[in-house]
Amino acid sequence: MHNQHDTTPALATPLAKVIARNTLLLAASMAALYAMGQLVLAIAAATFATLTGAPLLAGMGPALFMLSGSIAALLGGRAMDRFGRVPVLAAGFGIGVCGALITALGIRQLALSLVVTGFILLGIGFGIGLLSRVAAADMYTPERRAWGIALVLFGAVFGALLGPLVFMPMLQGSATQLPAAPWYGAADFMLAGLLLVLCVRPDPRRIAEMMAAQTASGTPAPAAPLKEILRRPGVPTAIIVAVTSYAVMVGMMAMIGYLMTGHGHTQQSVFPVLSAHFMGMFALVLLVGKLIGRIGRPRAMQMGLGVLAVSVLALMAVHSVALNALALFGIGLGWNIAFVAATAELTALTSATERGSVIGFSDLLAGASGAAITLLAGVAANTIGLMGLSIAGAALVLLPVVLNRRNKENVLSNQIRAP
């Protein structure tokens with residue numbers, strides 16, 4: 001007993017320093033990731049519409065980015081559980097470098113096939129890079145897990161600030177011009193992310209195993225099959241919230257550049273709006289992490305969905321850059337609350353050997369749904385207009401709240417009827 005009290009502090013202090021350093025490195029890599037992502041989401045729709053000459057296909061560009069990212073998230077999550085977090089993250093950033101360079105080449109040659117390939121590879125890099133939050137969850141205890149995830153996501157704030165500074169000067173000219181220079185900048189950001197994640201050591205999964213060994217539970221239990229995990233109470237609800245909030249948020253975010261240029265704004269004016277959106281997504285994430293810990297994950301998920309729905313509806317009435325920025329900030333904040341709470345709920349309901357697969361599966365559904373909504377949004381923007389698009393988005397956001405309330409009512413009814 002005496003030895004246990006002597007060794008625990010000796011292990012805790014160095015481990016705390018390692019966790020702090022790894023968290024900082026992962027947050028910095030998230031900044032690089034979102035600087036690249038901001039470029040894709042700002043001009044991918046307009047780029048695809050220009051290259052194809054078909055405005056109805058504007059949503060195809062960001063949809064390819066999101067769909068490839070969602071598939072990569074599932075495969076990357078499984079690979080993380082098998083090979084560790086760092087090798088998979090490094091591979092994702094490396095693929096992103098290749099995607100940015102291929103996109104630049106496609107833009108220079110006006111080759112749609114190369115741009116499509118580049119968007120797909122960039123999506124793979126982005127989808128895998130987002131799994132950094134799995135690594136964050138590994139390094140924190142259950143009661144501090146939302147805080148750890150928030151710390152890593154907070155790095156995206158700096159990507160939101162850095163993106164416009166780097167890319168706006170490269171987008172001088174009319175909305176129909178397609179410069180290649182920004183994509184070389186995107187390659188530089190992904191290379192920086194690659195170097196940062198390679199400095200993360202030991203692997204966060206190893207840290208999770210070390211922390212488990214210091215508890216009564218000992219080494220982590222073998223991973224349960226995914227089908228079994230999905231039947232655990234709380235898991236389906238958390239996945240539905242994560243999927244819906246992400247899909248609606250990213251669908252609106254992906255189309256805002258196309259909608260604004262359609263209203264006569266320049267490509268440069270899209271960046272302040274996206275910066276405001278990313279600030280809503282991440283600037284308050286540390287406060288959101290504490291809020292979730294205070295009010296609980298289920299209430300936080302409902303709160304986030306409510307903020308998201310109101311902000312989506314607000315898009316109907318705004319046209320100026322400033323008001324678009326305010327609405328997109330609200331969309332980002334609503335997603336922030338709902339998505340972080342849902343992610344924290346999923347990590348609390350899974351072990352270190354299950355976490356990557358479950359989060360990857362959730363990201364697959366979220367990304368695929370986001371891609372589908374983006375495609376439909378591109379068609380809707382040219383048919384039913386922004387008002388119809390906003391109403392449909394808000395209705396979709398509120399669907400998980402309605403389903404959750406009905407589920408609770410059914411459970412309560414069954415309990416009352418039980419003998």
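Here are the numbers:
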| quantity | calculated |
| --- | --- |
| Label-point separation in nm, Leu230 to Arg144, each point 7 Å along Cα→Cβ | 3.4 nm |
| Extension gain (nm, one decimal) between Leu323 and Arg299, 0.36 nm per residue minus Cα-Cα | 5.8 nm |
| Spin-label model distance (nm) - Leu105 vs Ala20, 7 Å beyond Cα toward Cβ | 4.5 nm |
| Ranking of Cys98, Cys199 by count of other Cβ atoms within 10 Å, fewest first | Cys199, Cys98 |
| Gained length - Arg206 relative to Ala372, 0.36 nm times residue gap less alpha-carbon distance | 56.1 nm |
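Every read-out reported here was derived from the displayed coordinates using simple, explicitly stated rules and does not represent laboratory data. Remember, it's a predicted structure, so these values are computed and weren't measured experimentally. Backbone-built Cβ (ideal geometry, glycine too); neighbour counts: all protein chains shown.
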